[in-house]
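Please treat every number below as a calculation from the coordinates, not as lab data. In this text the structure is predicted, and so the values were computed from the model without any measurement. Virtual Cβ from ideal backbone geometry, glycine too; neighbours counted across all protein chains shown.
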Amino acid sequence: MDIEHHIKGILEQIDPDSSRLKETPERVAKVCSESLSGYGADIPALVNKFYDSAMDDLIILKNIPFESHCEHHLVPIIGVASVGYVPQGKIVGASKLARIVDCFAHRLQLQERMTMEIARALETVLDLKGVGVYLEAEHFCISHRGVKKPGSKFVTRYFCGILKTDLDLRREFLYSVQKN
Ligand SMILES: [Zn+2]
């Protein structure tokens with residue numbers, strides 16, 4: 001309700017005939033609640049099922065599409081995330097990795113912070129030896145305004161544990177996520 005009220009005020013400033021936009025504030029508030037649903041996400045509750053496994057090599061879910069919003073301009077960040085981990089005794093369903101990406105994407109973000117947040121959340125909830133996160137995204141504040149460079153991609157990566165210290169493993173992860 002509060003967001004709706006403020007959007008109404010903004011529209012009144014933009015469009016003198018904003019009576020035509022009567023239902024827009026309600027719609028925008030709904031869009032906000034969908035796009036920004038990641039605040040307060042209970043990640044340990046989300047990742048509550050583990051499976052015993054002898055698997056001790058890299059597990060990767062790559063090219064997870066995500067949509068976020070830049071906290072500086074409130075415009076879209078659209079890209080893909082790849083997440084990999086080396087388990088130590090327990091694995092999780094691959095869909096949980098995608099859900100964790102969404103928990104952080106559905107907030108106002110900086111891609112650098114989002115990359116670290118995903119890695120650290122995985123490190124906290126999973127029993128793992130190491131984790132790697134790779135994000136590649138187009139920022140509308142770069143592609144559609146200001147410097148206007150459509151098609152440019154912002155790339156960030158973050159590593160914890162064995163993926164930080166073992167450079168061969170890190171290279172394998174990057175090779176896997178970067179090839180088509
Ligand atoms: Zn921006």
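Overview of values
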{"quantity": "Net length gained if the chain between D56 and E123 were fully extended (0.36 nm per residue, minus Cα distance)", "calculated": "22.6 nm"}
{"quantity": "Folded to 0 to 90 degrees: helix 167-178 orientation relative to the chain principal axis, Cα", "calculated": "50"}
{"quantity": "Helical contribution to [θ] at 222 nm, DSSP H n ≥ 4, -39,500 (n - 2.57), averaged over the chain, rounded to 500", "calculated": "-12000 deg cm²/dmol"}
{"quantity": "Highest-first arrangement of 172-179, 5-12, where packing means the average Cβ count within 10 Å", "calculated": "172-179, 5-12"}
{"quantity": "Rg/Rh (Cα only; Kirkwood hydrodynamic radius) as it applies to the chain", "calculated": "1.07"}
{"quantity": "Cβ crowding within 10 Å averaged over residues, with 96-104, 116-124, 141-149 ranked highest first", "calculated": "96-104, 116-124, 141-149"}
{"quantity": "Tensor-based shape of segment 6-65 (alpha-carbon gyration tensor, a/c under 1.5 rounded, otherwise prolate or oblate)", "calculated": "prolate"}
